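Just so it is clear, none of the values below were taken in a lab; they were calculated from the coordinates. A quick note: this is a predicted structure, and the numbers were derived from the prediction, not measured. No Cβ is skipped: glycine too gets one built from the backbone with ideal geometry, and neighbour counts run over all protein chains shown.
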Amino acid sequence: MTAFKARTLTQIDIAGRTLRNRLAVAPMTRVSATAAGDATAAMADYYERFAKGGFGLVISEGLYTDQAYSQGYLNQPGMANDQQAHAWHSVIQGINAHQGMVFAQLMHAGALSQGNRFRHETAAPSAVRPTGEQMRFYYGEGRYAEPKAMSDEDIADAIGGFASAAQRAMQVAGFDGIEIHGANGYLLDQFLTDYSNQRADRWGGSSERRVQLTLEVIKAVRASVGDVPLGVRISQGKVNDFGHKWAQGEQDAEVIFGSLHAAGVDFIHVTEHQAWQPAFADNGASLVKLARRYAPGSLLIANGGLEDPQHADTALDEGADIIALGKAALANPDYPQRLDSKQPMAAFDPAILGPIANIKDVELAR
Ligand SMILES: Cc1cc2nc3c(=O)[nH]c(=O)nc-3n(C[C@H](O)[C@H](O)[C@H](O)COP(=O)(O)O)c2cc1C
């Protein structure tokens, strides 16, 4: 038995619940909901395979939180009204039926919104057009729109949206926990990032101020859902700025992970392109290691190229508790079972995600 297998195929407790193992499916947007943002039967089939294949935890794709500026993509599922929440019942039942747990990832796209049926304009910390181009596999084309700078009222609405969506996800839909999407260039990360946040008020300036919106969202969500598994996803890189690094290096990591931990999250989900690599150019610690250092009591989920057991072992050595897999889970929805029975893993085929990233029949046939 490899160390990786022995270390991941064991139970772990998270905020009073027990996961049957330490392998999670990373959140992956598949734009397969109805135009109204309701989960579909194909989504139920798609998600059930991961639990049936042995994953202890599934983190949902990013669900938009409100009927204002949060929706990022056409056919993205939402958690912005009760109809959308009810539509998740059968998805969640399918996962729970195979002893899998499922957390809702709550996401506000901010300036990266490229398809929102509720608003024609986008909203962000500052009126800065995002770098990069819209994603074609999510029905986008060309440059991102220049967003409007959010007013105090817009910010309060966005916080309230996260809190209501979290309550709906837990109480109406029946999810087992909540992950707040603070990573990958979306709204909360836009506030965290120096160049997209040029505000001079309480939400901008120092790293301490730029992380404040994420902290307020955590506070509001905790107040609305109580004592359920609650965490946050954090990254340096963004879907539209892959190689971004925090300017203050480890000092930023201390501020960010320290304040998230102090805000009372149960878990922090760290994602990097290659999660075992040094976080900064100084060849020092990985982001996983820094998260462990500055958020000592939080459970740590690590993600990014960790399907290779050697790399995953490094992440576990550096303090990760759970390994989340993205593309490897798409290629092997039964990854934990294959690992357990020493079956070979299938390689990821990018064709699954093209031309549009929707769920394909060939996936459901597996
Ligand atoms: C098709 C696709 C959709 C994704 N959608 C999301 C998402 O909704 N939310 C999120 O936080 N990350 C999303 N990601 C990023 C993954 O969760 C993960 O971080 C990335 O695939 C790297 O992990 P891997 O090397 O195991 O694939 C997506 C990735 C892919 C490939």
Q: Considering the options ILE256, LEU213, VAL239, tell which one lies farthest towards the positive end of the dipole of the range 213-264, charges being +1 on Lys and Arg and -1 on Asp and Glu at the Cβ, about the Cα centre.
A: VAL239
Q: List ARG202, ARG49, ARG30 from most exposed to least, where exposure is judged by having the fewest other Cβ atoms within 10 Å.
A: ARG202, ARG49, ARG30
Q) Under the Kirkwood approximation for Rh and a Cα-based Rg, what ratio Rg/Rh is obtained for the range 6-144? A) 1.03
Q: Rank by packing, highest mean first: peptides 343-349, 241-247, with packing defined as the count of other Cβ atoms within 10 Å averaged across residues.
A: 241-247, 343-349
Q. Can you count the Lys pairs in the chain whose Cα atoms are under 26 Å apart, with each pair 8 or more apart or on different chains?
A. 20
Q) Do the sum for the chain: with -39,500 (n - 2.57) for every DSSP H run of n ≥ 4, divided by all residues, what is the mean residue ellipticity at 222 nm, to the nearest 500 deg cm²/dmol? A) -8500 deg cm²/dmol
Q) Using only Cα atoms, what is the ratio of the radius of gyration of the range 194-241 to 2.2 N^0.38 Å? A) 1.37
(Q) Tell me whether the chain comes out rounded, prolate or oblate; compute the Cα gyration tensor, take square roots of the eigenvalues as a ≥ b ≥ c, and use a/c under 1.5 as the rounded threshold. (A) rounded
(Q) Could you tell me which residue out of THR193, ILE178, GLY204 lies farthest along the dipole of the range 163-248 toward its positive end? Charges go on the beta carbon: Lys and Arg +1, Asp and Glu -1, centred on the Cα centre. (A) GLY204
Q. How big is the charge dipole of the range 291-366 about its Cα centre, in debye rounded to the nearest 20, if each Lys and Arg gets +1 on its Cβ and each Asp and Glu gets -1 on its Cβ?
A. 100 debye
Q) Want the number for ARG117 to GLN171: 0.36 nm per residue separation, take away the alpha-carbon distance, what's left? A) 16.9 nm
(Q) Running a GNM on the chain with Cα contacts under 10 Å, which residue among ALA263, ALA351, ALA329 ends up with the highest mean-square fluctuation? (A) ALA351
Q: Averaging sequence separations of C-alpha pairs under 8 Å and six or more residues apart, then dividing by the length of the range 244-366, give the relative contact order as a whole percent.
A: 19 percent
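Please compute the length gained on full extension between ALA149 and ALA247, using 0.36 nm multiplied by the number of residues separating them and subtracting their Cα-Cα distance.
Working: separation 98, 0.36 × 98 = 35.28 nm, distance 2.29 nm.
Value of the extension gain: 33.0 nm.
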(Q) Residues of the range 319-351 with backbone nitrogen within less than 15 Å of a virtual label 7 Å along the Cα-to-Cβ line of ASP45, please, listed as ranges. (A) none
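Using 0.36 nm times the number of residues separating ILE12 and THR131, minus their current alpha carbon distance, what extension gain do you get?
Numbers: separation 119, 0.36 × 119 = 42.84 nm, distance 3.96 nm.
Here the segment from ILE12 to THR131 would lengthen by 38.9 nm.
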Q. Each label point is 7 Å from the Cα along the Cα-to-Cβ direction; what then is the distance between the points at LYS5 and ARG202, in nm?
A. 5.4 nm
Q: Find the centroid of the Cα atoms in the range 280-314 and in the range 57-98, then give the distance between the two in whole Å.
A: 28 Å
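Note down the magnitude of the dipole of the chain about its Cα centre, charges +1 on Lys and Arg C-beta and -1 on Asp and Glu C-beta and zero elsewhere, to the nearest 20 debye. Walk me through the intermediate numbers first.
Details: 32 positive and 41 negative charges, 88 e Å.
Dipole size: approximately 420 debye.
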Q: Name the residue, out of SER70, SER235, SER206, whose mean-square fluctuation peaks in a Gaussian network model built on the chain with Cα pairs under 10 Å.
A: SER206
Q) Which FRET efficiency value, to the nearest 0.05, is calculated for ASN283 and TYR195 with the Förster distance at 30 angstrom and r the Cβ-Cβ distance? A) 0.75
